[in-house]
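A.B. asks: Take a look at this one; I'll ask things after.
Derivation of every value follows stated rules applied to the coordinates shown; laboratory data play no part. For clarity, every value in this text was computed on a predicted model and none was experimentally measured. Cβ placement follows ideal geometry from the backbone for every residue including glycine, while neighbour counts extend to all protein chains displayed.
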Amino acid sequence: MISIDDFKKIEIKIGEIMSAERIPETDKLLKLGVNFGEAEQRLIISGIAEYYASESLVGKKCAFVANLEPRTIRGLESNGMILAVSDGETFSLLTPDQKIIPGSTIR
């Protein structure tokens, strides 16, 4: 369990995936170029390649943890984490069900 104060530290934003490509010599990793609005572009490395073709992600708006410390994966600095859910059989990215602008914060 975490406290509500710890939970409030997590910044979850909607980002629009502008580019996506497989990272060579990996089975799971994609390099995502994500727009968080107001000229804020980030590179995010995600292990979702076994579930999504890179071209199917471009233009998709998804929820991301936006305030994680950067992490270097395969020599690339990742600056966030895409949020997804799985029940063991089905895998799904968390996406808004209404039109929403990139950079909007989940409350």
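A.B. asks: Restricting attention to segment 6-19, does a residue exist that is of a type in the set (A, V, I, L, M), assigned to a loop (DSSP other than H, G, I, E, B), closer than 16 Å to PRO102 by Cβ and in contact (Cβ under 8 Å) with a residue 24 or more places away in the chain?
C.D. replies: No, segment 6-19 contains no residue that is of a type in the set (A, V, I, L, M), assigned to a loop (DSSP other than H, G, I, E, B), closer than 16 Å to PRO102 by Cβ and in contact (Cβ under 8 Å) with a residue 24 or more places away in the chain.
A.B. asks: Name the pairs: first residue in segment 42-53 and outside any loop (DSSP other than H, G, I, E, B), second residue small (Gly, Ala, Ser) and crowded, with 19+ Cβ neighbours inside 10 Å, Cβ to Cβ under 7 Å, at least 6 apart or on different chains?
C.D. replies: Sorted first by the residue in segment 42-53, then by its partner, the pairs are ARG42/GLY80; LEU43/SER78; ILE44/SER78; ILE44/GLY80; ILE45/SER78.
A.B. asks: Return the residues of segment 25-41 that are free of Cβ contacts under 8 Å to residues at least 24 places away in the same chain and either more than 10 Å from the chain's Cα centre (by Cα) or closer than 15 Å to ARG71 by Cβ (or both); say none if nothing qualifies.
C.D. replies: GLU25, ASP27, LYS28, ALA39, GLN41
A.B. asks: Separate question: Can you work out which of the residues in segment 76-91 that are surrounded by 12 or more Cβ atoms within 10 Å (Cβ to Cβ) and among the small types (Gly, Ala, Ser) is nearest to LEU43 (Cα to Cα)?
C.D. replies: Within segment 76-91, the subset surrounded by 12 or more Cβ atoms within 10 Å (Cβ to Cβ) is 76-84, 91.
Among the residues that remain, those that are also among the small types (Gly, Ala, Ser) are: 78, 80, 84.
On the way: SER78: 6, GLY80: 8, ALA84: 18 Å.
Ranking the candidates gives SER78 first.
A.B. asks: Within segment 54-75, how many residues turn out to be surrounded by 14 or more Cβ atoms within 10 Å (Cβ to Cβ) and not in a loop (DSSP other than H, G, I, E, B)?
C.D. replies: 8
A.B. asks: Oh, and also: Can you find a residue that is under 22 Å from VAL85 (Cβ atoms) and acidic (Asp, Glu) anywhere in segment 29-45?
C.D. replies: No, that holds for no residue.
A.B. asks: Now for a separate question. Surrounded by fewer than 17 Cβ atoms within 10 Å (Cβ to Cβ) and of a type in the set (Lys, Arg), is that true of ARG42?
C.D. replies: no
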